[in-house]
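The values are calculated or read from the model by the stated rules, or taken from the named source; none is laboratory data. Nothing here was measured: the structure is a model prediction, and the numbers come from that model. Backbone-built Cβ (ideal geometry, glycine too); neighbour counts: all protein chains shown. The area values use the complete protein model at the heavy-atom level, side chains included, leaving out ligands, DNA and RNA. Shrake-Rupley method; radii C 1.70, N 1.55, O 1.52, S 1.80 Å.
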Amino acid sequence: MKTQVAIIGAGPSGLLLGQLLHLQGIDTVILEARSPEYVLGRIRAGVLEQGTADLLRLARTGERMDREGHVHEGISLSFGGMCKRIDLKKYSGGKSVLVYGQTEVTRDLMAARQRDGGLSIYEAADVQLHDFLGDRPRVSYTSAGERRELECEYIAGCDGFHGISRLSVPQEDMRIFERIYPFGWMGLMSDTPPVDHELIYASHERGFALCSQRSLTRSRYYVQCPLDEKPAQWPDERFWNELKARLPEDVAARLATGPSIEKSLAPLRSFVAEPMQFGRLFLVGDAAHIVPPTGAKGLNLAASDVQTLYTLLMRRYKEGRSDLPGKYSEICLRRVWKAERFSWWMTTLLHKLSDDPFSQRIQRAELEYYTGSEAGMRTIAENYVGLPFETVD
Ligand SMILES: Cc1cc2nc3c(=O)[nH]c(=O)nc-3n(C[C@H](O)[C@H](O)[C@H](O)COP(=O)(O)OP(=O)(O)OC[C@H]3O[C@@H](n4cnc5c(N)ncnc54)[C@H](O)[C@@H]3O)c2cc1C
């Protein structure tokens, strides 16, 4: 089989890239290790930057998102028993974010690919990448018990942090930057109305908490906890009590609790692999970088890689600009590192990092400064709604 762009992984980045290229008449085949049901069963991100939402509209998958997603024009940071609202719209020059679950984004992209006739091969086992440093890359895989081969012009490695694409590169040609945080987030999903119409990021001496949401009837809450704790150690009652203890009293009083429908521990990590391109292989999204979820950037950063690669490949095919794909890594990394910085900074600003009283006072002063100054609120707002995508000459 032959295609122009082989895409490894049918997570949000693989599906979005496939859909955008397909709409431009560029042939793609997506190879995904898991089944569609497994991919849809993952519960992850929920906050879309305006640029991500615009890209989903460009991919003609924005209809349900625009109908069912919720525009948020602010977030609150809580500390010292009170909530300080950051007006995202006011301080970012009119931008906002959209709350719409990653599961729904994936569902819409899958449906669009099926509707528009793009080929996705699910349960493709033992995917292997070949000859991507030369002009004629290939991908081999096993499907329905048979070993097959896909010839292509480019390979997009959209297969997440544990995928094969990054591991296929000679490791001596790659530089890894990494920080693993000594705590995680215990997350609980419940069919209860959110405690607030916007997200609340809470810094408390017991640890960080986040009140997030997926819809007007579905909430997603997180509490900072030691990395080695298991969901089984967090029965619902313990979770709700701990969450309430970390919120201002008036917020805790109106928190609607109920049975959990999902509970899981997310470790926190900052990770960047440089460069993001090796010959005709591009690393996209979580395959190249991970951020702690505190800045709501993971999915959005994956979308901005897709925006860059889509633009470069489209112009390569439409305008014959064969020089452009070579710019992928340098363009992406500039934005990646800014999002890494913001996610790391939000994490250190809001989490309990130690029992050291000096650090705690500094953290409190920083929170007061950033939420009490126009410049501070502008800094948070413009990063939270997403920095602009770079244009390509
Ligand atoms: C628990 C959790 C909570 C998160 N919360 C947030 C949040 O609140 N906000 C936010 O912005 N981000 C969040 N993220 C991050 C966000 O979900 C990711 O950044 C996003 O999923 C990246 O998309 P991706 O398509 O690059 O990778 P993935 O979603 O990981 O998709 C990769 C795909 O490749 C497939 N694959 C893997 N290996 C192979 C192989 N060898 N062959 C073929 N296919 C393969 C996988 O099955 C998968 O379908 C969270 C992540 C996790 C894990």
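At 0.36 nm per residue, minus the direct Cα-Cα distance, what do residue 171 and residue 369 gain on full extension? Give it in nm, one decimal, please.
67.0 nm
Express the Stokes-Einstein translational diffusion coefficient of region 199-314 in µm² s⁻¹, to the nearest whole number, given a Kirkwood radius over alpha-carbon pairs, 10 °C and a viscosity of 1.306 mPa s.
For the chosen part, D equals 95 µm²/s.
On alpha-carbon atoms, Rg over Rh for the chain using Kirkwood Rh? Don't skip to the end; give the middle numbers.
On the way: Rg = 21.3 Å, Rh = 21.8 Å.
Taking Rg over the Kirkwood Rh, I get 0.98.
Over the Cα atoms of region 184-262, what radius of gyration and what Dmax do you get, in Å?
Considering region 184-262 through its Cα atoms, Rg and Dmax are 11.4, 32 Å.
For region 75-157, what is the convex hull volume of the alpha-carbon atoms per residue, in Å³?
That works out to 235 Å³ per residue.
Please report the projected area of region 309-393's Cα convex hull averaged over all directions, in nm².
Taking a quarter of the hull surface, the average projection is 7.2 nm².
Starting from 0.36 nm per residue, how many nanometres of slack lie between residue 114 and residue 147 once their C-alpha separation is accounted for?
Contour length minus the Cα-Cα distance gives 9.5 nm.
Could you state the principal axis extents of the C-alpha atoms in region 96-254, from the largest down, to the nearest angstrom?
In descending order, the Cα extents are 62, 42, 35 Å.
Hey, any idea what % of region 297-393's accessible area is carbon plus sulfur with a 1.4 Å probe? Walk me through the numbers on the way to the answer.
Details: 2360 of 4430 Å².
On region 297-393, the fraction of accessible area on carbon and sulfur atoms equals 53 percent.
Once the piece of chain linking residue 250 and residue 42 is laid out straight, how much longer is it, given 0.36 nm per residue of separation minus the C-alpha distance between them?
Computed gain between residue 250 and residue 42 is 71.6 nm.
How big is region 43-104 in terms of Cα radius of gyration and Dmax, in angstroms?
Final numbers for Rg and Dmax: 13.4, 44 Å.
Remind me, relative contact order of the chain in percent, using alpha carbon pairs under 8 angstrom and six or more residues apart?
21
What value, in deg cm²/dmol to 500, does the helix sum -39500 (n - 2.57) over DSSP H runs of n ≥ 4 give at 222 nm once divided by the residues of the chain?
Using -39500 (n - 2.57) per qualifying helix, the result is -11000 deg cm²/dmol.
How long are the semi-axes of the ellipsoid equivalent to region 1-150, from square roots of 5 times the Cα gyration tensor eigenvalues, in whole Å, largest first?
Working from the Cα gyration tensor, I get semi-axes of 36, 16, 15 Å.
Between residue 27 and residue 334, what FRET efficiency follows from the Cβ-Cβ distance if R0 is 30 Å, with the result rounded to 0.05?
Efficiency, from the Cβ-Cβ distance: 0.50.
Using alpha carbons only, how many degrees (0 to 90, rounded to 10) separate the axis of helix 374-384 from the longest principal axis of the chain?
Around 40 degrees separate the two axes.
With a 1.4 Å probe and every protein chain left in place, work out the accessible area per residue of region 1-158 in Å², rounded to a whole number.
Value for region 1-158: 42 Å² per residue.
So which chymotrypsin sites (Phe, Trp or Tyr not before Pro) in region 87-184 pass both tests, a DSSP loop state and at most 16 other Cβ atoms within 10 Å of the Cβ?
Those that pass, being in a loop and sparsely packed, are 161.
Taking the simple approach of a point 7 Å from Cα along Cα-to-Cβ for both residue 64 and residue 232, what is their distance in nm?
That separation, rounded to one decimal, is 3.5 nm.
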